[in-house]
Every structure is written in C-alpha cells, then in structure tokens.
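The values are calculated or read from the model by the stated rules, or taken from the named source; none is laboratory data. Computed from a prediction, not measured in an experiment: that's the story for all the values here. Cβ sites come from the backbone with ideal geometry, for glycine too, and all protein chains shown count toward neighbours. All accessible areas refer to the heavy atoms of the entire protein, side chains included, with ligands and DNA or RNA removed. Shrake-Rupley method; radii C 1.70, N 1.55, O 1.52, S 1.80 Å.
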Amino acid sequence: MSARRTTVVSNAMTVDVEDYFQVQAFAHRVDRADWESFPSRVEANVDRILAQFDQANIHATFFTLGWIAERHPAMVRRIVASGHELASHGWDHTRADSQEPEVFRQDVRRTRSVLEDIGGVAVTGYRAATFSIGARNQWAFGILRDEGYHYSSSINPIAHDLYGMPNAPRVPFQPDGDGFWEIPMTTVRAFGRNWPCSGGGYFRLLPSVLYRLGLSRVNGVEGRPGIFYFHPWEVDPGQPRIEDAGWKSTLRHYTNLSRMASDIDRILRLFAWDRMDRVFADLLPTSGQNEAMRHHASPAAA
C-alpha cells in the first residue's frame, strides 16, 4: 500500500542551488579562487531533482547562487520552464554577516539582476548563505527591500555553531513593519527550546521519522506551513571527496547521502508541497505586481 499525505496544509519545498565545493563546511579547505578547477555536478543534480519533483507533481523554490546561474544559464531556464520559483541565494555563498552593508547591497543587486536576465521572471525571494542573517546584521532586511526583494528566508531560530537566532520569531514577521517579510526556517518548540525541523543536514543525520513527526505537529497542531530545504549535492553520493576537511565537516557533508533521494521521495508523498511564493501568498504581493516590478525596477536596482 502506498503512503498517503497526512495533511492538507501546503508546505514550502526549497532547494539551495550550490555545488559540492561551495559549502560552508569546506570553506576552510576550498579557496574561491580554485572553484573553476573543480568538476561541476550541480546541473546534473538539479536535473535529477527536477525529474523527481515532476514525478511527484510538485513545485518548489530554487534559491540559486548568481555564480552558478552565470555558468549554467540553461539549467536556470529549465527550472523556470518547469514552473518553479527562481529566487536568490546571493552571488557566491559569502556569508551575509561577513559583509559590510554596501558590499551586501552590491551582492544581492547583482545576483537578482543576473537571475532575472537569465530566467526572464521576477526574483523577489532571498536566502542568505548558511542562514547568516541574525542579531548582528538586521540592517540586511532594509537593503533587500530597497533592492526589490519581497521576502527573505534567512533566519533559522535555533542554536547552532555556524548560524542561528534562537530568540527570533518562529513564524513569518516583518522586521521593520514595512511590508517586507522574513519567513524563518521551521522549528518545533519543546522542552523550552526550538528544535530544527526544516531538512538539510539534520534530515540526513537524524532518523527521518523525527522530521515527519515534527512537520505533522507544525501542520496539524499549529495549523501552519513548514519549510523544507536541501541542496543538489545531497542527492549525489558519487561526488568527489574533499580531503582533510576535518571530522565534523566530513560528518555533516557526507553522512547518508545515499538515502537522501529516497527519503525526499517519501516526504513528497506524505505531505503537500508548493513554492514559497504560493505557500505564503497571503503575505506577499500578487504575481501581477511581481511582473510589474520586474519591468519597472526601482532606481536602486537599475
């Protein structure tokens, strides 16, 4: 007997489009200047994901690096042609909390411009590399708004050694009360703290039943949508190995890659999924407004 969906709440399926050598876990081993020397696997992996989503009849949001889009424009156009939302992941996976405001502005402006030129659609969503918007760089939201973005999904309200803002709201909020939304990653509240429930490395490292129970609670008890995220390299157990990365980075990156695709298949069957901009449509401008924005960009984004 096939598994059946357990809820009618639509959740947001998201993919952070970056290659295996660009991840934060390997930043201490892989210099950006050497990226071009690594064999790229992102396009083949994205095509696998597109086929997987097509078979499940779901649409998702692809938060895409500008660096990747510039080198794989046909892949970006396939994402759009398949009905998925194209969104920004910044230019080259530089952490937002390591950038000065004007550098951050140039990064998100450049990325949005390249993605829109290639994809031919409005880009209004943003996710910071490694969830690197937090208590120290709340100024980033105002810049994103000024540069034509409508929402961010960049805060993970948990405690983590690389990111996290555990005191942030667990639900969508307007940081400046001006119509721009931060839609934080999904957590479950228990025992006085927030626990991760949004995919990524935790989904591979922990029994997947924990994720299913957590999302069922968010949907059924709290009555609200959740967010799931993963990366193209997570469905690619045959990727080249980065040597001497250290035990923690190796554990985080390579654990259970071989089962990831089948685990995703299972949650695609059990829950309802859609794009960020449709799941949270009650918060965001209409698609018609998005299209008008694309053709009449503000002077700051020109």
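Just to be sure, is Asp47 more than 27 Å from Ile158 (Cβ to Cβ), of a type outside the set (S, T, N, Q), open to solvent by 30 Å² or more (accessible area, probe 1.4 Å) and under 18 Å from the mean Cα position of the chain (by Cα)? When the stated conditions are applied, Asp47 passes them. Being of a type in the set (Val, Ile, Thr), out of contact with any Asp or Glu (no Cβ under 9 Å at 6 or more places or on another chain), touching a residue at least 60 places away in the same chain (Cβ under 8 Å) and open to solvent by 80 Å² or more (accessible area, probe 1.4 Å), is that true of even one residue in region 20-43? Within region 20-43, none of the residues are of a type in the set (Val, Ile, Thr), out of contact with any Asp or Glu (no Cβ under 9 Å at 6 or more places or on another chain), touching a residue at least 60 places away in the same chain (Cβ under 8 Å) and open to solvent by 80 Å² or more (accessible area, probe 1.4 Å). Sub-6 Å Cβ pairs linking a first residue in region 45-56 that is touching a residue at least 12 places away in the same chain (Cβ under 8 Å) and within 15 Å of Met13 (Cα to Cα) to a second residue that is part of a helix (DSSP H, G or I) and open to solvent by less than 30 Å² (accessible area, probe 1.4 Å), at least 6 apart or interchain, are Val46/Met75; Val46/Pro232; Ala56/Leu268, ordered by first then second residue. Residue-level check: of (1) at positive phi; (2) surrounded by fewer than 19 Cβ atoms within 10 Å (Cβ to Cβ), His93 misses just (2).
Taking the condition touching a residue at least 12 places away in the same chain (Cβ under 8 Å), touching a Leu at 6+ places or on another chain (Cβ under 7 Å), open to solvent by 60 Å² or more (accessible area, probe 1.4 Å) and not aliphatic (A, V, I, L, M), does Arg71 pass? No, not satisfied.
Reported count of residues in region 108-123, each being within 18 Å of Ser154 (Cβ to Cβ) and either open to solvent by less than 20 Å² (accessible area, probe 1.4 Å) or within 17 Å of the chain's Cα centre (by Cα) (or both), is 5.
What is the number of the single condition among (1) at pLDDT 95 or above; (2) closer than 29 Å to Ile183 by Cβ; (3) touching a helix residue (DSSP H, G or I) at 6+ places or on another chain (Cβ under 8 Å); (4) open to solvent by less than 60 Å² (accessible area, probe 1.4 Å) that Phe63 does not meet? For Phe63, the exception is condition (3). Filtering region 265-302 to residues that are in a helix (DSSP H, G or I), of a type in the set (A, V, I, L, M, F, W, C) and modelled with pLDDT of 95 or more leaves Ile267, Leu268, Leu270, Met276, Val279.
Among the residues making up region 200-238, those that are under 20 Å from Val279 (Cβ atoms), without any contact (Cβ under 8 Å) to a residue 40 or more places away in the chain and not aliphatic (A, V, I, L, M) are Gly200, Gly214, Arg217, Glu222.
Can you tell me which residues in region 209-234 are farther than 20 Å from Phe63 by Cβ and touching a helix residue (DSSP H, G or I) at 6+ places or on another chain (Cβ under 8 Å)? Don't jump to the end; show me each part of the working.
Here is the first cut: in region 209-234, the ones farther than 20 Å from Phe63 by Cβ are 209-210, 212-214, 216-224.
Correct list: Arg212, Arg224.
Give the residues of region 135-156 that are open to solvent by 10 Å² or more (accessible area, probe 1.4 Å) and assigned to a loop (DSSP other than H, G, I, E, B), sorted by residue number. Once the filter is applied, which keeps residues that are open to solvent by 10 Å² or more (accessible area, probe 1.4 Å) and assigned to a loop (DSSP other than H, G, I, E, B), region 135-156 yields Ala135, Arg136, Gln138, Gly148, His150.
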